[in-house]
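Chemist: Input: one structure, supplied below.
The values are calculated or read from the model by the stated rules, or taken from the named source; none is laboratory data. Values in this document were obtained by computation on a predicted structure and should not be read as measured data. Counting neighbours? That spans all protein chains shown, and the Cβs are built from the backbone with ideal geometry, glycine included. SASA here: full protein model, heavy atoms, side chains in, ligands and nucleic acids out. Shrake-Rupley method; radii C 1.70, N 1.55, O 1.52, S 1.80 Å.
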Amino acid sequence: MVREQISAIGGRTTRWLESGGTNAGRALVWLHAFPLGADMWRPQLETVPDGWRMIAPDLAGFGGSTDHADHPSIDDFAHDLDNFAHHLGLRHFVLGGLSMGGYAVFAYLRLNPSRVKGIVLADTKSGADTPQAREGRQKMLDLVAAKGVAGVADEMLPKLLGASTQRANPALTAHVRAIIDANSAEGVSRSIQRLRDRPDSTPLLSRLAIPALVIVGEEDGITPVADARAMSNALPESMLAVVPDAGHLTNLEAPEAFAAALKPWLAAL
Ligand code: MLT
């Protein structure tokens, strides 16, 4: 059963979903993609392995979590996660992130690596935005200002979901749109700035002496297989899983294949 929780933590309201026993020995915290929210992790939370606790927060400014007042930075997510882990009494945990969630994983590893026992990097990349990508962020900021979150959903949905999913599972498009629509224009806009200004995490990779699972959809056009492979090769202890017939949102598009990569990896930790 997936439980929804809301609490005041570190001066902000945080909403999160969780499943598994609160006394389970091992915890996995999932960080979501842009511009979605914790609900994207429901397929994983609904099939939590025995002995594990899974927790998925809405990151600052998304869903039911309030944002910071000052200038947005990807490091906000790392500081929030540290407060969140402290609040939940999590001394050590596995940290997983998809796309923007992966950028937040890197930010946390810069802040407090000692708590992290392993990482799942799904459909993400270590590099910073190129000058061209930064221009794209400005266009996206203009789009939110002009058309709100619905404009961003229209623009991003065809890129988030792979061609196979769009053909075979139109209901998933509607589901992802509903998760996106739960966000405010201001929160989305502030996280576009976080994405645009994030640093290059590539130099961190070779220093990460923890097990890593890299997952990528074969049809992912936002963070392609080549980026995932390069990241996996640069990590000292990494396994790469390429998921067929899935685009950028592998955990939603192909939850069984996602679990088939995740569960044995978790069991071997
Ligand atoms: C995401 O899925 O989180 C975003 O597409 C990441 C990005 O735009 O860099």
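Chemist: Criterion first (surrounded by fewer than 24 Cβ atoms within 10 Å (Cβ to Cβ) and farther than 24 Å from ARG177 by Cβ) does LEU81 satisfy it?
Modeler: no
Chemist: Hey, another quick one. When you scan region 217-231, how many residues do you find that are within 15 Å of VAL105 (Cβ to Cβ) and either aliphatic (A, V, I, L, M) or without any contact (Cβ under 8 Å) to a residue 40 or more places away in the chain (or both)?
Modeler: So the count comes out to 2.
Chemist: Quick one: PHE34 ticks every box in (1) more than 14 Å from the ligand (Cβ to nearest atom); (2) open to solvent by 10 Å² or more (accessible area, probe 1.4 Å) bar one, so which box is it?
Modeler: (1)
Chemist: Further question on the same structure: For THR130, are the conditions met, namely being surrounded by 15 or more Cβ atoms within 10 Å (Cβ to Cβ) and either on the phi < 0 side of the Ramachandran plot or within 14 Å of the ligand (Cβ to nearest atom) (or both)?
Modeler: No; evaluated as a whole, the condition is false for this residue.
Chemist: Name the residue that is most open to solvent (accessible area, probe 1.4 Å), counting only residues in region 103-125 that are within 15 Å of LEU240 (Cα to Cα) and outside any strand (DSSP E or B).
Modeler: The selected residue is LYS125.
Chemist: Regarding ARG137, is this residue within 15 Å of the ligand (Cβ to nearest atom), surrounded by fewer than 24 Cβ atoms within 10 Å (Cβ to Cβ) and over 17 Å from the mean Cα position of the chain (by Cα)? So that I can check it myself, show each step before the final result.
Modeler: Working: within 15 Å of the ligand (Cβ to nearest atom): yes; surrounded by fewer than 24 Cβ atoms within 10 Å (Cβ to Cβ): yes; over 17 Å from the mean Cα position of the chain (by Cα): yes.
Criteria met by ARG137.
Chemist: Being among the polar types (S, T, N, Q) and buried (at least 21 other Cβ atoms within 10 Å of the Cβ) is the filter here, so list the residues in region 202-227 that pass it.
Modeler: The answer is THR223, and nothing else.
Chemist: If only one of ALA153, ALA182, ALA145 is touching a residue at least 24 places away in the same chain (Cβ under 8 Å), on the phi < 0 side of the Ramachandran plot and open to solvent by less than 30 Å² (accessible area, probe 1.4 Å), which one is it? Full working, then the answer.
Modeler: Values: ALA182 fails: open to solvent by less than 30 Å² (accessible area, probe 1.4 Å); ALA145 fails: open to solvent by less than 30 Å² (accessible area, probe 1.4 Å).
Selected residue: ALA153, the only one of ALA153, ALA182, ALA145 that is touching a residue at least 24 places away in the same chain (Cβ under 8 Å), on the phi < 0 side of the Ramachandran plot and open to solvent by less than 30 Å² (accessible area, probe 1.4 Å).
Chemist: Continuing with this model, one more query. Considering each residue of region 230-259, count those that are away from the ligand (no atom under 15 Å from the Cβ) and either in contact with a Lys or Arg (Cβ under 7 Å, 6 or more places away or on another chain) or of a type in the set (A, V, I, L, M) (or both), and give that number.
Modeler: Number satisfying all stated conditions: 11.
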